[in-house]
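The values are calculated or read from the model by the stated rules, or taken from the named source; none is laboratory data. Not measured: the values here are computed from a predicted model. With ideal geometry, Cβ positions are generated from the backbone for all residues, glycine too; neighbour counts draw on all protein chains shown.
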Amino acid sequence: MNTELEHKDTALAPAAVTRVTDGRYAERRWQGIPGVEIADNGRLWATFYSGGDDEGPDNYVALVTSVDGGSTWSDIRYVVDPPGKVRAYDPCLWHDPSGRLWLFWAQSFGWYDGRCGVFAATCDNSGDAEPRWSEPRRIADGIMMNKPTVLGNGDWLFPIAVWACQRSPLNDLPEERYSNVYRSSDQGATFHKLGFADIPNRAFDEHMVVERNEGSLWMLVRTHYGVGESESRDGGATWTPGRLSPIEGPDSRFFIRRLQSGRLLLVNHDRSERKRSRLTAMLSDDDGQSWSHRLMLDERMNVSYPDGVQGKDGRIYLIYDRERKTDKEILLAVFTEEDVMNGKCVSPGSVLGQIVNKA
């Protein structure tokens with residue numbers, strides 16, 4: 001029997017969130033793909049993944065924390081590190097409306113087994129230095145590296161994808177290879193697949209959903225040509241045929257979120273000639289029709305994969321990676337809407353390029 005076929009289902013077993021008590025994870029040859037969240041008391045949590053020489057079976061998810069607004073950070077505090085050839089990757093942090101912190105990650109047998117799976121663990125005391133993590137559970141086939149969206153009616157939507165741009169002989173799920181949307185209507189107790197969008201030439205999906213002011217849903221999806229889009233007017237059950245969006249950018253992850261003010265925040269590579277450079281924060285006053293305010297966060301090459309969160313005081317924390325195999329930096333920008341509207345940091349405490357972790 002093919003050894004990989006025999007052991008592929010080991011990826012279905014959830015790996016636990018484990019406290020790091022030794023130096024096993026101190027040396028890292030590469031790292032990237034970060035996420036960030038903030039607790040009610042201001043404690044920041046950041047996640048990224050590393051392990052081995054590159055993306056592959058040795059990957060694990062790491063968690064670090066900060067209590068001074070991101071100026072200094074702990075060493076790796078927790079990991080999700082499955083055994084054998086199962087890798088943990090593409091993590092996502094999210095506080096739900098009750099204040100519970102979720103850590104999501106994907107597991108796959110080898111680099112990509114055609115099925116993967118979204119796993120989650122939660123804690124109710126994310127403001128503490130050592131939160132108590134729940135037993136992990138598997139939510140769905142696929143991968144989710146971007147934050148869920150809470151709709152006006154209270155539903156939670158989860159952007160989960162089974163990649164159409166990759167295939168594996170281990171599992172074949174043609175009916176699931178879309179930019180899927182899962183819904184929970186009971187605060188995360190149960191999940192079910194609600195609908196999906198089919199965006200031409202999408203690349204690893206990495207989709208995000210925002211609810212427009214008039215009630216429709218807008219999905220943006222990573223594609224080989226930039227950013228694709230689809231719309232839903234029935235809460236996510238059906239989606240329009242995918243098409244090219246007006247948002248320019250390279251083949252890379254972006255970040256979009258509605259802020260407390262009602263504006264939309266988009267972080268993407270601005271006028272980058274399809275390169276992962278010129279990472280820029282943009283604000284829209286008209287629900288994404290135009291992006292009239294811009295703040296350059298990092299104009300260097302090989303800066304990528306932004307994720308963000310807004311604190312109760314309105315401050316925005318935006319995390320990203322830079323030069324995953326050479327400088328191996330995870331970086332943080334702290335800014336306000338006023339900074340974006342002025343095109344430069346004018347608010348006290350705003351800072352760009354703060355080191356979160358450097359392997």
Lone unmet requirement of (1) modelled with pLDDT of 95 or more; (2) under 22 Å from Val36 (Cβ atoms); (3) assigned to a loop (DSSP other than H, G, I, E, B) for Gly249 = (1)
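Residue by residue, here is whether (1) farther than 21 Å from Asp68 by Cα; (2) modelled with pLDDT of 95 or more; (3) in a loop (DSSP other than H, G, I, E, B); (4) among the acidic types (Asp, Glu) holds:
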{"residue": "Glu273", "(1), (2), (3), (4)": "yes, no, yes, yes"}
{"residue": "Leu297", "(1), (2), (3), (4)": "no, yes, no, no"}
{"residue": "Tyr317", "(1), (2), (3), (4)": "no, yes, no, no"}
{"residue": "Val340", "(1), (2), (3), (4)": "yes, yes, no, no"}
{"residue": "Val346", "(1), (2), (3), (4)": "no, yes, yes, no"}
{"residue": "Gly353", "(1), (2), (3), (4)": "no, yes, no, no"}
{"residue": "Asn357", "(1), (2), (3), (4)": "no, yes, no, no"}
query = So which residues in the stretch 275-325 are of a type in the set (D, E, K, R) and farther than 20 Å from Ile33 by Cβ?
reply = Asp285, Asp286, Asp287, Arg294, Glu299, Lys312, Asp313, Arg315
Which numbered condition Ile199 fails, given (1) out of contact with any Cys (no Cβ under 8 Å at 6 or more places or on another chain); (2) touching a residue at least 40 places away in the same chain (Cβ under 8 Å); (3) surrounded by fewer than 23 Cβ atoms within 10 Å (Cβ to Cβ); (4) of a type outside the set (Asp, Glu) = (3)
request  = Tell me which of these Glu55 doesn't satisfy, since it passes every other one: (1) modelled with pLDDT of 95 or more; (2) farther than 19 Å from Arg322 by Cα; (3) assigned to a loop (DSSP other than H, G, I, E, B).
outcome  = (2)
query = Could you count how many residues in the stretch 275-295 are over 20 Å from the mean Cα position of the chain (by Cα) and not in a loop (DSSP other than H, G, I, E, B)?
reply = 4
ask   = Mind checking which pairs have a first residue in the stretch 169-195 that is among the acidic types (Asp, Glu) and a second that is at pLDDT 95 or above and assigned to a loop (DSSP other than H, G, I, E, B), Cβ under 7 Å, 6 or more apart or different chains?
value = Asp172/Gly114; Glu176/Asp141; Glu176/Val162
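Mind telling me which of the residues Asp68, Asp81 ends up being out of contact with any Lys or Arg (no Cβ under 8 Å at 6 or more places or on another chain) and either touching a residue at least 40 places away in the same chain (Cβ under 8 Å) or polar (S, T, N, Q) (or both)?
Unique residue meeting the criteria: Asp81.
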task = Evaluate the following for Gly69: is it surrounded by fewer than 18 Cβ atoms within 10 Å (Cβ to Cβ), at pLDDT 95 or above, in a loop (DSSP other than H, G, I, E, B) and on the phi > 0 side of the Ramachandran plot?
result = no
Test for Gln289: is it of a type outside the set (A, V, I, L, M), under 21 Å from Met208 (Cα atoms) and at pLDDT 95 or above = yes
key: Hits in the stretch 1-49 (condition: in a helix (DSSP H, G or I) and surrounded by fewer than 23 Cβ atoms within 10 Å (Cβ to Cβ))   = Thr3, Glu4, Leu5, Glu6, His7, Lys8, Asp9, Thr10, Leu12
message = Just to be sure before I move on: is Ser304 over 19 Å from the mean Cα position of the chain (by Cα) and among the polar types (S, T, N, Q) in the structure I sent?
response = no
inquiry  = Go through the stretch 148-196 and report how many residues are among the aliphatic types (A, V, I, L, M), surrounded by fewer than 19 Cβ atoms within 10 Å (Cβ to Cβ) and either closer than 20 Å to Leu101 by Cβ or touching a Leu at 6+ places or on another chain (Cβ under 8 Å) (or both).
reply    = 3
task = Return the residue satisfying two criteria in turn: it lies in the stretch 59-83 and is in contact with a Ser or Thr (Cβ under 8 Å, 6 or more places away or on another chain) and among the polar types (S, T, N, Q), and of such residues it is nearest to Arg138 (Cα to Cα).
result = Asn59
